[in-house]
Amino acid sequence: MNRAPQKPGEPGRDRIRVLVADDHVTVREGLAAIIGRQPDMTVAGEAATGRDAVGLWHEQRPDVTLIDLRMPVLDGVGAIAEIRRADPSARIVVLTTFDTDNDISRAISAGAKGYLLKDAPREELLECIRKVNAGETCIPASVVAKLAANMTSDPLTVRELNVLALLAQGRSNKEIAMKLYVSETTVKSHLRSIFAKLNVLSRTEAISVASRRGLVQL
């Protein structure tokens, strides 16, 4: 859905122009309705894919872009990165159902200035849009804590991530060794390192923590 950019002097020019990007039509239209009812906001456009979001951003140059992470064609992080490459000052808020450490880290690293979950109260969402429009960041304390925890932990190596992915599939040490063409002793060494980095004591706990951080998909 396209809306022509407002020109200086037109009614509503002082309103915060928000681009809404979400692939679920009900969510997208609901957000647009909420935003459209605010006296200080107006909807600059609606996009159903990350690629459309980037295109509409170039056309409309909204004050704030509200975007989901899981988007077809181009995901939210990819869209954020493209928009920020075009304009490093672009103000973007992520509104998603995903809160793994990895999701949060990727979104913030790409340039998102706000990060909210979709179950956030309506007023919290609206206040977040206003804060980001004013040049502030809007990241809840719980999200900051997860991001900090992820940044302070030792990153897993590529091989450790491979082992972890196979572990999440329920593979035994012998099966992992055969799959990666290494010895079982090497697999055990990788597992010890993984457990230490994730601060866990068991395979089950490792999978649980890795899933929460977005390191594996269950």
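The values are calculated or read from the model by the stated rules, or taken from the named source; none is laboratory data. Nothing here was measured: the structure is a model prediction, and the numbers come from that model. Please note: Cβ atoms are built from the backbone with ideal geometry, for glycine as well, and neighbour counts cover all protein chains shown.
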Read through the list (1) within 21 Å of Leu126 (Cα to Cα); (2) modelled with pLDDT of 95 or more; (3) not small (Gly, Ala, Ser), then give the number of the only condition that Thr49 fails.
(1)
Can you find, within region 107-125, the residue that is surrounded by the fewest Cβ atoms within 10 Å (Cβ to Cβ) among those that are assigned to a helix (DSSP H, G or I) and free of Cβ contacts under 8 Å to residues at least 60 places away in the same chain?
Glu123
Could you pull out the residue among Val54, Val73, Val64, Val43 that is in contact with a Gly (Cβ under 7 Å, 6 or more places away or on another chain) and modelled with pLDDT of 95 or more?
Val43
Any idea how many residues of region 158-192 are touching a residue at least 12 places away in the same chain (Cβ under 8 Å) and within 19 Å of Asn102 (Cβ to Cβ)?
10
Over region 57-89, the set of residues part of a loop (DSSP other than H, G, I, E, B) and crowded, with 21+ Cβ neighbours inside 10 Å is Pro62, Asp68, Leu69, Met71
Out of curiosity, is Gly78 at pLDDT below 95 and within 16 Å of the chain's Cα centre (by Cα)?
yes
